[in-house]
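Here the structure comes first, spelled out in structure tokens, and everything after it is commentary.
The values are calculated or read from the model by the stated rules, or taken from the named source; none is laboratory data. If you're wondering where the values come from, they're calculated on a predicted model, not measured in any experiment. Cβ placement follows ideal geometry from the backbone for every residue including glycine, while neighbour counts extend to all protein chains displayed. Side chains included, ligands, DNA and RNA excluded: accessible areas come from the protein's heavy atoms. Shrake-Rupley method; radii C 1.70, N 1.55, O 1.52, S 1.80 Å.
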Amino acid sequence: MNLPLTDPLLLAQDIPESLSARLRSSGQAVCIRFSHRGDLLASGTAKGTIAIFDLETNGVARKLQGHTTGRTVQSLSWEKSGRYLLSSSIDWKVILWDLKDGSRVRVCNLGAPVYIAELHPQNWLMCVAALYEYRPVLADFTDVKRTHQHALPNLPKRGAHEAEASEKADAKHFTTVAAFTPGGTHIITGTTKGWLNLISTSTRETVYSTRLCSKPILLIRLSSSGRDLLVNASDTIIRTIKLPDLTSPTLSPDNINLEVEHKFQDVVNRLSWNHVAFSSNADYVMASTLMNHDIYIWERGHGSLVKILEGPKEELGAVEWHPSRPLVAATGVESGRVYVWGINMPQRWSALAPDFAEVEENVEYIEKEDEFDIRPAEELQQRRLDQEDEEVDVLTVDEEQIEREGGFKQEREDEFRMPVLLDMGESDSEDEIVAIGTGQFRRKSTAQDEMGFEDGEGEGAVREGGSGRKRRRAD
Amino acid sequence: MSNDFSPAGTPHRDRSPKRKRFSPTPTDPSAKLQYAYDEDQDVPSDADEAFHTPASALSPNGTTVTPKRRKTSPTRPRSLNYRPHFTLHGHKRGISCVKISPRGHLIASASADSTIKLWDARTGALQHTLEGHLAGINTITWSPDSRVLASGSDDKLIRFWEVESGKCLETVLVGHHNYVYSLAFAPKGNMLVSGSYDEAVFLWDIRTARLMRSLPAHSDPVSGVDFVRDGTLIASCSSDGLIRIWDTGTGQCLKTLVHEDNAAVTSVKFSPNGRYVLAATLDSNVRLWNYVDGRVVKTYQGHKNVKYSINACFGTYSSMAAMLEEAGSPDGEDEGEDGERDSRAKKQWAFAAIGSEDGSIVLWDVSSKEMLQRIPGNGTPVLAVDVGMEDQTIVSGGLDCCVRVWKRGLGDASETTNGDGAIEENGTAHVNGQTDAQENGGDVVVPIANGNEESTTEAVDGDGAGDEMEKAMAMVLE
């Protein structure tokens, strides 16, 4: 609803500019994920806890504890409505959470540390997981009692003549990453030997394979349209790949031919990339890099670097782009804080004084014919009241408006809204490690942390970037 | 549209817009009644009336002659007849705020006696008395899930109450330097906005009881705050005469609305669809603003408000036919008509409501500015009004220390007089006639549903007005 009043120039901006917030972390965040509606951000910590941040208040909305304490949460995956969240950890477990009450709907032990687990986009009772030195698994949670686990192939699809020659090489060939296509019809996996496999969800067979490089594939991301693939491999190159329409019934595996559209890499330092992500409409690609404090954003049309987001003085781990707004979140590798970059909204002074307008240059004012005529006040008043004859509709909410609000439909019953817990304040007892200098760390008490956050300022090493913040403080 | 002024077949009568606008209370009661009768003639006749009147349901041979015009655009009622339903006694001092819960099951009333009372909306029974504030309470607001009530008081605190148990929650928002004057919950229930006598608007994260933002809002006490339906905008108003619209996300002022008279604004409320704001000012006007363009689109007049901070609010009403159907069609006979009934029931119009310092409550149609009803009172100022969006209930509270609940009468003047006697009282029409004619003031004897006597007009006026610590208190003009 704020769009009609917002400066159109700012609305046209689609890349974040500067650091706008630090989320008070509850432990050291290592992976983050925005909900589909974009109002919540889930973060998993190195200690196995999960915190759900409310992006309107930048505060913790819920905490989830269920993974083995001390084991890193590896991945998070939201169900569409935002009610369910899947988390995976190196404690071998995947947990499906119900955010209505914070309960665990399903807990499933997959028998090996999990690299990554992702929910089926249409059916939240199904997930795919890539496991450490094991075959990837398609798990079906429909049965309350028992989870059905189906192993998926590790190996690429080969012609008959290739089979024998590669037998030896297949011994240590494992899947490192798996992801559903947005339609859920296929699973795309990446392997330790640089292969990309396309697996049909229904038959659980590899329908197509291609080799991108000889090094392990680290991460696969799909755009929301499902037509673009983003692959981060340990050969320090990020690749974008155009996908065919996988939902099309006429698609035959033989016709698939994946070609690399762009390759992004740091030619000078040849540093590898920590984490990659598409922007909301896949126009941009961004990445955080090893030993570097910045986030790189490339434009996909020409493949050019368009922005380097500067922020805290620490290396950044996971990076995520908000599903609809120019907003980027990233985790700090050392502090475990979650940083958020957004667009600066300068105050328009004319908004404060209704009699003034902001103009580029002097404008000669042309008075209206009767503007300074002297008339009895009553007559003016009368006339004004008579002119109020338009139809006004104060009730109807048009569809377009709902759309703009990001699908926030009040009337819809299936719309999930997370209950607001009023006692979040003191529940944050976890210690937090804060870097106070190079190589120096200290524990930080909750009280201090709270202060720090309220100020909108970190301490010590994470102090910078506060300049980008336009927040007024009460004294 | 539906509210055509001279439907075909109506005898000609002088209905110049001018008269409509500037004599909101027709001088001749019978004229108003006559209008009501016209309405009936406008209704195409028995066949149709039968269709939507459950008692007579369908004619035996099952004729469903439902004129199309009628079906697509049900007639907008020209008047409403809210009638007393309950009078809830218990508060010892003036009532500053009443709010119906979003679920509609409870009524909360806040008073200068430092208590909040929760009443069962259906039976009128007192559920809880919430005690904890150390000074008079100015404002209350329900959380969207109806489970928590927030209150702002002259003791500078904002407290939360668990509705189910009536307990005060540990969360207390401390930060205002002066009386907390106005409150609103964000639609998602995660934030609270407060306006205070310290001239600031605070935005709170209520999960952690943390002050998120302080908006340098006004140069006088902030008398009203509200969230738009998706929570992205905040409106605030003040006795400095300004209404400001803020961006929730950035905390920046996006628009300032000011009327040239610069009268103190006492309440601001976003329309249900969020496209307008309704503001009440101490020059006895209620204005509807298009806040994007920054202009007044409607001015509603006819009440008196020069001294107290009185809130205006929106309500909806449907055609009598839809209401009758909703109220009583337990019979499955006319089930075939479901689709049509739905479409008709859906058609709703909006009204604006405000209490008046002469003790009445005034309802206007939002679009036509017609006064739909002046609910008479006993002469003591009505300071707070709220309308239940679901079941057409109005709740009011004022300096007479009573909470009054008003229900829309089933037999509207216009339609019961049609003669088929579908619904009870024929007398209603009469009462309604007088109601509209108004100016009979307090001596209209209206039967109260639960038999409570009309409360007396004691000298409570001075009570609230004299005490500076109350909201029920005068906004100093000079």
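Quickly run through the stretch A:47-61 and pick out the residues that are hydroxyl-bearing (Ser, Thr, Tyr) and within 15 Å of the chain's Cα centre (by Cα). Explain how you work it out, then say what you get.
Taking the stretch A:47-61 as the starting set, the residues that turn out to be hydroxyl-bearing (Ser, Thr, Tyr) are A:49, A:57.
Once the filter is applied, which keeps residues that are hydroxyl-bearing (Ser, Thr, Tyr) and within 15 Å of the chain's Cα centre (by Cα), the stretch A:47-61 yields nothing.
Considering each of B:Thr250, B:Thr232, B:Thr208, B:Thr266 in turn, give the residue that is within 11 Å of another protein chain (Cβ to nearest Cβ) and either within 28 Å of B:Ile137 (Cβ to Cβ) or touching a Pro at 6+ places or on another chain (Cβ under 7 Å) (or both). Talk me through it step by step, then tell me what you get.
Details: B:Thr250 fails: either within 28 Å of B:Ile137 (Cβ to Cβ) or touching a Pro at 6+ places or on another chain (Cβ under 7 Å) (or both); B:Thr232 fails: either within 28 Å of B:Ile137 (Cβ to Cβ) or touching a Pro at 6+ places or on another chain (Cβ under 7 Å) (or both); B:Thr266 fails: within 11 Å of another protein chain (Cβ to nearest Cβ).
Only one candidate passes the filter, namely B:Thr208.
Against the condition surrounded by 18 or more Cβ atoms within 10 Å (Cβ to Cβ), within 14 Å of chain A (Cβ to nearest Cβ) and either without any contact (Cβ under 8 Å) to a residue 60 or more places away in the chain or of a type in the set (A, V, I, L, M) (or both), how does B:Val174 come out, does it pass? Step through it out loud before you land on a result.
Details: surrounded by 18 or more Cβ atoms within 10 Å (Cβ to Cβ): no; within 14 Å of chain A (Cβ to nearest Cβ): yes; either without any contact (Cβ under 8 Å) to a residue 60 or more places away in the chain or of a type in the set (A, V, I, L, M) (or both): yes.
It is false that B:Val174 is surrounded by 18 or more Cβ atoms within 10 Å (Cβ to Cβ), within 14 Å of chain A (Cβ to nearest Cβ) and either without any contact (Cβ under 8 Å) to a residue 60 or more places away in the chain or of a type in the set (A, V, I, L, M) (or both).
Just to be sure I understand, how many residues within the stretch A:266-295 are out of contact with any Pro (no Cβ under 8 Å at 6 or more places or on another chain) and open to solvent by 60 Å² or more (accessible area, probe 1.4 Å)?
Count: 8.
Can you pull out the residues in the stretch A:296-321 that are of a type in the set (Gly, Ala, Ser) and open to solvent by 40 Å² or more (accessible area, probe 1.4 Å)? Give the steps one after another, and end with the answer.
From the stretch A:296-321, those of a type in the set (Gly, Ala, Ser) are A:301, A:303-304, A:311, A:317-318; that's our starting set.
Of everything in the stretch A:296-321, those that are of a type in the set (Gly, Ala, Ser) and open to solvent by 40 Å² or more (accessible area, probe 1.4 Å) turn out to be A:Gly301, A:Ser304.
Hand me the list of strands (runs of 3 or more DSSP E) wholly inside the stretch A:166-222 holding 3 or more residues that are among the aliphatic types (A, V, I, L, M). Break it down stepwise before answering.
Details: elements: A:175-180, A:186-191, A:195-200, A:206-211, A:217-222.
The qualifying strands (runs of 3 or more DSSP E) are A:175-180, A:195-200, A:217-222.
Can you name the condition, by its number, that B:Lys255 falls short on among (1) farther than 23 Å from B:Ile140 by Cα; (2) open to solvent by less than 20 Å² (accessible area, probe 1.4 Å); (3) in contact with a strand residue (DSSP E or B) (Cβ under 6 Å, 6 or more places away or on another chain)?
(2)
Looking only at the stretch B:282-307, filter to residues that are among the hydroxyl-bearing types (Ser, Thr, Tyr) and open to solvent by 10 Å² or more (accessible area, probe 1.4 Å); which one of those is nearest to A:Glu390 (Cα to Cα)?
Ranking the qualifying residues of the stretch B:282-307, first place goes to B:Thr299.
Report, by residue number, each residue of the stretch A:62-94 that is under 28 Å from B:Asn190 (Cα atoms) and touching a Leu at 6+ places or on another chain (Cβ under 7 Å).
Across the stretch A:62-94, the qualifying residues are A:Arg62, A:Leu76, A:Ser77, A:Trp78, A:Glu79, A:Gly82, A:Arg83, A:Tyr84, A:Leu85, A:Leu86, A:Ser87.
So, of the residues in the stretch B:185-202 that are surrounded by 24 or more Cβ atoms within 10 Å (Cβ to Cβ) and under 19 Å from B:Tyr291 (Cβ atoms), which turns out to be nearest to the other protein chains (Cβ to nearest Cβ)?
For the stretch B:185-202, the residue satisfying everything is B:Ala186.
What about A:Ala61, is it hydrophobic (A, V, I, L, M, F, W, C), at the interface with chain B (Cβ under 10 Å from one of its Cβ atoms) and assigned to a strand (DSSP E or B)? Write out each step before concluding.
Values: hydrophobic (A, V, I, L, M, F, W, C): yes; at the interface with chain B (Cβ under 10 Å from one of its Cβ atoms): yes; assigned to a strand (DSSP E or B): yes.
So A:Ala61 passes the test.
Which of the strands (runs of 3 or more DSSP E) found entirely inside the stretch A:72-142 contain at least 2 residues meeting this: β-branched (Val, Ile, Thr)?
Details: elements: A:73-78, A:84-89, A:93-98, A:103-109, A:114-119, A:126-131, A:137-140.
Of the strands (runs of 3 or more DSSP E) lying wholly inside the stretch A:72-142, those with at least 2 residues that are β-branched (Val, Ile, Thr) span A:93-98, A:103-109, A:114-119.
Filter the stretch A:1-42 for residues that are out of contact with any helix residue (DSSP H, G or I) (no Cβ under 9 Å at 6 or more places or on another chain), within 14 Å of chain B (Cβ to nearest Cβ), open to solvent by 10 Å² or more (accessible area, probe 1.4 Å) and under 14 Å from A:Ala61 (Cβ atoms) and give the result.
First, the residues of the stretch A:1-42 that are out of contact with any helix residue (DSSP H, G or I) (no Cβ under 9 Å at 6 or more places or on another chain): A:2, A:4, A:6-10, A:12-16, A:21, A:27-42.
Then drop every residue that is not within 14 Å of chain B (Cβ to nearest Cβ), which leaves A:2, A:4, A:6-8, A:10, A:13, A:16, A:21, A:35, A:37-41.
With open to solvent by 10 Å² or more (accessible area, probe 1.4 Å) added as a condition, the list becomes A:2, A:4, A:6-8, A:10, A:13, A:37, A:39-40.
Result: A:Arg37, A:Asp39, A:Leu40.
Filter the stretch A:106-134 down to the residues that are under 24 Å from A:Gly226 (Cβ atoms) and of a type in the set (Phe, Trp, Tyr) and list them by number.
A:Tyr115, A:Trp124
For the stretch A:223-238, which residues satisfy the criterion of being assigned to a loop (DSSP other than H, G, I, E, B) and under 17 Å from the mean Cα position of the chain (by Cα)?
To start, the set of residues in the stretch A:223-238 that are assigned to a loop (DSSP other than H, G, I, E, B) comprises A:223-227, A:234-237.
Passing the criteria: A:Ser223, A:Ser224, A:Ser225, A:Gly226.
Considering only residues that are touching a residue at least 40 places away in the same chain (Cβ under 8 Å) and open to solvent by 10 Å² or more (accessible area, probe 1.4 Å), which ones fall in the stretch B:232-243?
Of everything in the stretch B:232-243, just one residue is touching a residue at least 40 places away in the same chain (Cβ under 8 Å) and open to solvent by 10 Å² or more (accessible area, probe 1.4 Å), namely B:Ser239.
Step by step: first the residues of the stretch B:211-229, then only those that are at the interface with chain A (Cβ under 7 Å from one of its Cβ atoms) and part of a loop (DSSP other than H, G, I, E, B), then the one that is most open to solvent (accessible area, probe 1.4 Å). Which residue is that?
Across the stretch B:211-229, the extreme among qualifying residues is B:Pro216.
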